[in-house]
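The values are calculated or read from the model by the stated rules, or taken from the named source; none is laboratory data. Bear in mind that the values here come from a model prediction, so they are computed numbers and not experimental data. Every residue, glycine among them, receives a Cβ derived from its backbone with ideal geometry; neighbour counts consider all protein chains shown. Note: areas computed on protein heavy atoms with side chains; ligands, DNA, RNA excluded. Shrake-Rupley method; radii C 1.70, N 1.55, O 1.52, S 1.80 Å.
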Amino acid sequence: GDYPNTGANYGTVKPSPARLPYDSAFVTKLNPAGSGLVFSGYVSGSTSISQGHAIALGPTGRVYVAGLNLASDFPITPGTLRADSGGGLFLTALEPDGSALAYSAIIPTLSDALALQIDANGNAWLGSDASSVGSFAPTADAFDGRARKGVIGATVMEIDAAGANILYGTYLAG
């Protein structure tokens with residue numbers, strides 16, 4: 001395809017014109033003038049979808065992308081959150097120049113990231129859809145920690161700057 005790939009690829013993505021436009025997360029960072037690429041590549045597994053739906057720039061210049069992953073071979077870095085199944089909401093942080101993953105985690109919930117903001121401490125705040133049939137566990141200080149069988153709602157989560165811990169998590173559902 002015509003995607004401008006500079007080789008900043010993470011995971012075992014198999015470039016295929018039929019697959020990539022729909023099922024692989026990508027990250028492209030432009031220079032401050034918007035006239036050229038700093039880096040561009042894929043963050044994906046090859047066994048199923050890894051769709052990026054939210055992106056943010058952190059206070060140190062790291063680039064964060066989040067979305068839905070169902071691939072069992074999605075790139076996950078040691079010491080981060082990881083769902084037993086390999087599937088769930090992914091949160092990946094790339095170094096400012098795209099040369100390495102700062103971290104990559106799979107948050108154990110059957111949901112998809114729909115909003116992402118990075119605070120001054122480098123913690124990621126995620127807004128996601130959620131189903132009570134997933135494995136999301138609200139924190140003790142949650143606004144709404146009630147499990148609801150079969151109810152679709154939303155979650156808000158704060159993930160620490162290392163991608164290793166859920167600092168805050170709550171349901172928002174009717």
| said: If Gly36 satisfies all but one of (1) modelled with pLDDT under 90; (2) surrounded by fewer than 16 Cβ atoms within 10 Å (Cβ to Cβ), what's the number of the condition it fails? | reply: (1)
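In this structure, is Ala66 surrounded by 22 or more Cβ atoms within 10 Å (Cβ to Cβ), small (Gly, Ala, Ser) and in a loop (DSSP other than H, G, I, E, B)? Explain how you work it out, then say what you get.
On the way: surrounded by 22 or more Cβ atoms within 10 Å (Cβ to Cβ): yes; small (Gly, Ala, Ser): yes; in a loop (DSSP other than H, G, I, E, B): no.
No, not satisfied.
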| Under the condition of being open to solvent by less than 30 Å² (accessible area, probe 1.4 Å) and hydroxyl-bearing (Ser, Thr, Tyr), which residue from region 78-129 is nearest to Ala25 (Cα to Cα)? | Thr92
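Is there a residue in region 146-155 that is out of contact with any helix residue (DSSP H, G or I) (no Cβ under 9 Å at 6 or more places or on another chain) and modelled with pLDDT of 90 or more? Steps first, please.
Let us first name the residues in region 146-155 that are out of contact with any helix residue (DSSP H, G or I) (no Cβ under 9 Å at 6 or more places or on another chain), namely 146-155.
Filter once more, so that each one left must be modelled with pLDDT of 90 or more: none.
No, region 146-155 contains no residue that is out of contact with any helix residue (DSSP H, G or I) (no Cβ under 9 Å at 6 or more places or on another chain) and modelled with pLDDT of 90 or more.
Modelled with pLDDT under 90, surrounded by 18 or more Cβ atoms within 10 Å (Cβ to Cβ) and assigned to a loop (DSSP other than H, G, I, E, B): does that describe Ala8?
Values: modelled with pLDDT under 90: yes; surrounded by 18 or more Cβ atoms within 10 Å (Cβ to Cβ): yes; assigned to a loop (DSSP other than H, G, I, E, B): yes.
Answer is yes for this residue.
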